[in-house]
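The values are calculated or read from the model by the stated rules, or taken from the named source; none is laboratory data. Quick caveat: nothing in here was measured; it's all calculated off a predicted structure. Virtual Cβ from ideal backbone geometry, glycine too; neighbours counted across all protein chains shown.
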Amino acid sequence: MSMTTNHPPHRRLPVGRIVLVVLGCVFVPLALALLGGGTVLTWAHQTQRDASGYFTSPSERLETLDYAIVSERVDLDLDSGDYLGVGQLGTVRIRLDSTNERQVFIGIGPRRAVKDYLRGVARAEIADVSTDPFSVEYRHLGDGAPTGPPGDESFWQAQAEGPGPQTLTWPVESGDWVVVVMNRDATAGVGVDAAVGFKADWIRPLGIGLLVAGGLALIIAVAALVVGIVGLRHHAASDETGGTHVHTGSGPVRLTGRLDAELSRWLWLVKWFLVIPHLVTLAFLWLAFAVLTVVAFFAILLTGRYPRGIFDFNAGVLRWSWRVSYYAFGVAGTDRYPPFSLGEHPDYPARLDIAPPDQLSRGLVLVKWWLLAIPHYLIVGLMVGTTVSSRSGDRWVDVPVTGLISWLVLVAVVTLLFTGRYPSGIHRLVVGLHRWVFRVVAYAALMTDEYPPFRLDQGDEEPSVDSELGAPPS
């Protein structure tokens with residue numbers, strides 16, 4: 001019982017190129033978010049303001065049988081903005097129109113002063129507001145009457161009162177504020193139609209700034225992706241030198257997994273720990289894989305071709321993942337530590353080759369990754385595991401369900417632990433299941449137009465053309 005420690009030499013991992021690809025993939029969504037935010041702000045500034053420059057909400061009704069309607073607490077800490085010279089945040093405008101022919105009062109005041117004025121007064125504090133459809137939930141407090149009309153108080157920061165529609169404007173300032181709506185004579189039964197508006201001079205400059213920042217981030221992302229992918233492609237090509245690899249057979253995806261003649265009885269217990277560096281690296285590589293697949297989607301849609309540099313990188317990620325899976329939890333069929341490489345390693349027991357397509361259908365790219373692959377997704381879910389939503393009390397929770405592959409590998413490694421043998425029948429079956437999974441992944445990732453066969457090709461090696469046609473193997 002021994003652990004194999006001699007590994008074939010391989011080229012050092014191109015960390016710099018991988019970092020460039022990861023940074024590019026991080027900057028792409030950042031750039032899109034900045035561009036989207038800048039576009040929305042610029043569009044809103046140009047089209048959604050009224051003649052006075054305010055963004056205004058629809059008029060909605062607020063009413064209560066109490067003496068006052070009180071807003072939620074508005075806590076604004078703008079000291080840092082004033083220190084930096086940003087100036088006022090903006091101007092708030094509130095328009096009210098009485099619904100019961102009474103003269104209304106509206107005021108904005110410090111929360112503590114308003115609290116003292118309305119202490120014990122029957123009032124309706126706004127607890128929650130829904131917009132679609134509009135509705136207001138109130139929290140009713142107190143049962144007394146005010147000591148006097150609200151307009152007689154001196155603590156209001158801004159106020160408006162009188163007959164007919166009233167308009168309050170307030171340059172936003174730092175502090176802890178509340179808005180109060182009452183009848184001018186402090187009687188019970190308040191009803192108004194209210195509309196709130198906001199005006200700020202910084203919205204348009206911020207929108208333009210976000211557009212500029214998004215454009216720069218997109219340029220950086222594209223440059224990083226191009227440099228990183230080209231470098232990784234060259235690295236993968238150099239890894240494959242020393243042995244000519246020819247893609248043979250009938251399918252574009254060819255997967256191989258050769259079981260080691262002798263396996264350690266106990267090494268599989270710690271392989272999950274030994275591959276942590278691989279898992280960390282693959283987490284970033286799969287992020288890049290996802291972003292680049294989206295880029296490839298648009299490239300195929302416009303040109304009918306999968307960019308070769310992106311194809312080689314994504315194929316390398318799948319190849320790397322298969323080696324790690326074969327070594328550790330996916331098969332545990334070898335004790336040879338997997339290389340940190342996107343390229344082919346012909347002498348490694350686990351190999352994956354995907355033939356690059358010359359041309360791809362522009363129409364299929366719209367439907368194959370979600371609609372056409374649904375039957376395979378259902379089957380693959382049973383193979384690799386999935387999550388099932390289950391109701392627990394008043395909420396839904398996701399319960400993980402272990403797939404068939406994990407159960408088979410568990411049986412195999414437990415057998416290895418007690419007998420020193422990895423069951424060859426289980427190995428052939430597990431490799432065949434992985435073969436099915438990787439065919440579906442390659443199809444869903446737009447790397448081929450050939451629909452994955454509903455066929456379990458068991459065995460260490462990919463079936464040849466002759467065996468698929470029924471001819472006896474040579």
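A few remarks follow.
- Here Asp449 fulfils each of the conditions (1) among the charged types (D, E, K, R); (2) surrounded by 22 or more Cβ atoms within 10 Å (Cβ to Cβ); (3) outside any helix (DSSP H, G or I) apart from (2).
- Candidates Asp335, Asp312, Asp260, filtered to the one that is of a type in the set (Asp, Glu), in the same structural domain as Gln458 (by TED's automatic domain parsing), on the phi < 0 side of the Ramachandran plot and surrounded by 20 or more Cβ atoms within 10 Å (Cβ to Cβ): Asp312
- Test result for Ala213, outside the structural domain of Glu63 (by TED's automatic domain parsing), over 19 Å from Ser57 (Cβ atoms) and either surrounded by fewer than 17 Cβ atoms within 10 Å (Cβ to Cβ) or of a type in the set (Phe, Trp, Tyr) (or both): yes
- Pairing residues of region 185-196 that are surrounded by fewer than 16 Cβ atoms within 10 Å (Cβ to Cβ) with residues that are not in a loop (DSSP other than H, G, I, E, B), at Cβ distances under 8 Å and at least 6 apart in sequence or on separate chains, gives Gly189/Thr64; Gly189/Asn183.
- Hey, Arg362 assigned to a loop (DSSP other than H, G, I, E, B) and loosely packed, with under 14 Cβ neighbours inside 10 Å or not: yes
- Residue within region 175-194 that is under 40 Å from the mean Cα position of the chain (by Cα), closer than 19 Å to Ala124 by Cβ and among the small types (Gly, Ala, Ser) present: yes
- For region 427-445, the condition of being of a type in the set (A, V, I, L, M), modelled with pLDDT of 90 or more and not in a helix (DSSP H, G or I) holds for at least one residue.
- Test result for Leu371, assigned by TED's automatic domain parsing to the domain that holds Leu446 and not in a loop (DSSP other than H, G, I, E, B): yes
- For Thr131: the one exception among (1) hydroxyl-bearing (Ser, Thr, Tyr); (2) at pLDDT 90 or above; (3) under 39 Å from the mean Cα position of the chain (by Cα): (2)
- Subset of region 400-425 (residues that are within 13 Å of Gly330 (Cβ to Cβ) and either among the aliphatic types (A, V, I, L, M) or in a loop (DSSP other than H, G, I, E, B) (or both)): Gly403, Leu404, Ile405, Leu408, Val409, Leu410, Ala412, Val413
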